[in-house]
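The values are calculated or read from the model by the stated rules, or taken from the named source; none is laboratory data. Note that the structure is a prediction, hence the values are computed from the model and not measured. Counting neighbours? That spans all protein chains shown, and the Cβs are built from the backbone with ideal geometry, glycine included. Just the protein is used for accessible areas: all its heavy atoms, side chains included, with ligands, DNA and RNA removed. Shrake-Rupley method; radii C 1.70, N 1.55, O 1.52, S 1.80 Å.
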Amino acid sequence: MIRRILTGMRTTGRLHLGHYVGALQNWLELQNEYESYFLLADIQALSTHFDRVEGLEDSVRQVVIDWLSVGLNPQASSFVLQSKVPEYYELTSYFTFLVSMGALEGNPTLKDEIKAYGLSQVNLGFMMYPVSQASDVLLLSPISPQPGDELLVPVGEDQLAHIELTRDIARLFNRQYSPIFIEPKTKVGRIPRLADLSASGKKMGKSTNNAIFLSDTPTEVQEKVRQGMTDPAKIRRGDSGNPDVCPIFSYHKLFQPTEMVEEVYAGCRAGSLGCVECKAKLATALNTMLDPIRDNRSKIEQHPNLVTEAIMVGTEKARDVGKVTMEAVRHAMHLDYPSILGNKLFDLSP
């Protein structure tokens, strides 16, 4: 029985609280239960950063450091650098023949991202990345799956449409050629979508400059929380507030124990808790949570070989699995040409 995970992140810089509660906590719970592969999606990062490539190397480094800092273990799981797995490109090229432009143009996640990034023109790489993501997942599918085999994709809520396309591609390939791929299942994190502290309703993110990073200093965290919005009707201490409309209180509910949440709620309602004190309590809770992560980061930064080794070992393991998958794919598509090539194989190593 084979039980695998494939999930990942675009490597566009340091990670923030949204990544932590929406993905990383989920990964930490699963990494010892599955054969886990965590993808450093540097090629997908080009969909929005193709004109800022000078920062890609440091972005990969920062993401790996964050992964290690929160407790992802490269001995229990594999960190995979997407651009160093050429099997992904080959599989993506085959999948393009199974996906219509209409399916991509109608993808709700793509539509949302085009709007979020304010793109007036969309390049082919951006439109194609759901297909690329499907190859990321299915390259690691247990081949010709048996009862009990599983391919799990822990994702954020906004990625569900992409995984549905992946399932569609798996079904189309299996029906057209041979039943090779397993249809992946999804698991959404404890907090599918973390809003920022501005009351704008926007998701926390680097592109919108509203993120609290896992590597922020205690002072930076305090300042970002201090700038957060509260109930606009609560002008001064002594005024009764409505925690249910307060972004700061929404974070208390996510990052504080139940007894503290109840205390903050009652104090806000009674007017005995001012907004400045309320924000200070939240900043203290966030810094308490982030302190061990920051300590780990400090130690890891002193040993850059840890990043290098994690990437090299994990990527090579993914390639070993991917080579088996591609042999089966080529055979199913009659692209191995046994009567011409026999058992001779071309060396496709980069």
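Under a straight-distance cross-link criterion of Cα-Cα below 14 Å, which aspartates and glutamates are reachable from LYS206, leaving out those fewer than 8 residues away in the same chain? Once the sequence-local aspartates and glutamates are set aside, what remains near LYS206 is GLU113, ASP196, ASP216.
Computed over the alpha carbons of the stretch 145-277, Rg followed by Dmax gives 21.6, 70 Å. Share of carbon and sulfur in the accessible area of the chain stands at 54%, probe radius 1.4 Å.
At a probe radius of 1.4 angstrom, the accessible area of the stretch 160-288 per residue rounds to 51 square angstrom. The mean accessible area for residues of the stretch 29-156, using a 1.4 Å probe and ignoring ligands and nucleic acids, is 42 Å² per residue.
Potential lengthening of the chain between GLU277 and LEU341 amounts to 15.6 nm, from the contour at 0.36 nm per residue minus the alpha-carbon distance.
Distance between the 7 Å Cα→Cβ label points at VAL245 and GLU223: 3.1 nm. As a length-normalised measure over Cα pairs under 8 Å and 6 or more apart, the relative contact order of the chain settles at 23 percent. Under the simplified labelling scheme, the LEU119-PHE50 pair shows an inter-label distance of 0.9 nm, with each label point 7 Å from Cα along Cα→Cβ.
Max-minus-min Cα coordinates of the stretch 233-293 on each principal axis give 37, 19, 17 Å, with the largest extent listed first.
Rounded to the nearest 0.05, the FRET efficiency derived from the C-beta distance between ARG330 and ASP112 at R0 = 35 Å is 0.45. In a DSSP loop and with at most 12 other Cβ atoms within 10 Å, the GluC sites (Glu not before Pro) in the stretch 16-81 are GLU33.
In the set [x] 0.99; [y] 1.05; [z] 1.11, which value of Cα Rg over 2.2 N^0.38 Å was calculated from the structure you see? Of the listed options [x] 0.99; [y] 1.05; [z] 1.11, [z] comes from this structure. A straight Cα-to-Cα reach below 23 Å connects LYS234 with the lysines LYS202, LYS224, LYS253, LYS279, LYS281, residues fewer than 8 places away in its own chain not being considered.
Tell me the net charge near ASP158. Cut-off is 14 Å between Cβ atoms, ASP158 excluded, with +1 for each Lys or Arg and -1 for each Asp or Glu. All intermediate terms of the calculation are to be shown ahead of the outcome.
Values: positive: ARG10, LYS111, LYS115, ARG193, LYS202, LYS203; negative: ASP112, GLU113, GLU157, GLU164.
Local net charge: +2.
Here the Debye sum runs over all C-alpha atoms of the stretch 81-179 as equal scatterers in vacuum, and log10 of I(q)/I(0) at q = 0.17, 0.18 Å⁻¹ comes out as -0.82, -0.91. Averaged over residues, the count of other Cβ atoms within 10 Å places the peptides 105-118, 79-92, 249-262 in the sequence 79-92, 249-262, 105-118, highest first.
When Lys and Arg each count +1 and Asp and Glu each count -1, what net charge do the other residues less than 12 Å away from LYS203, Cβ to Cβ, add up to?
On the way: positive: ARG193, LYS202, LYS206; negative: ASP112, GLU113, GLU157, ASP158, ASP196.
Summing Lys and Arg as +1 and Asp and Glu as -1 gives -2.
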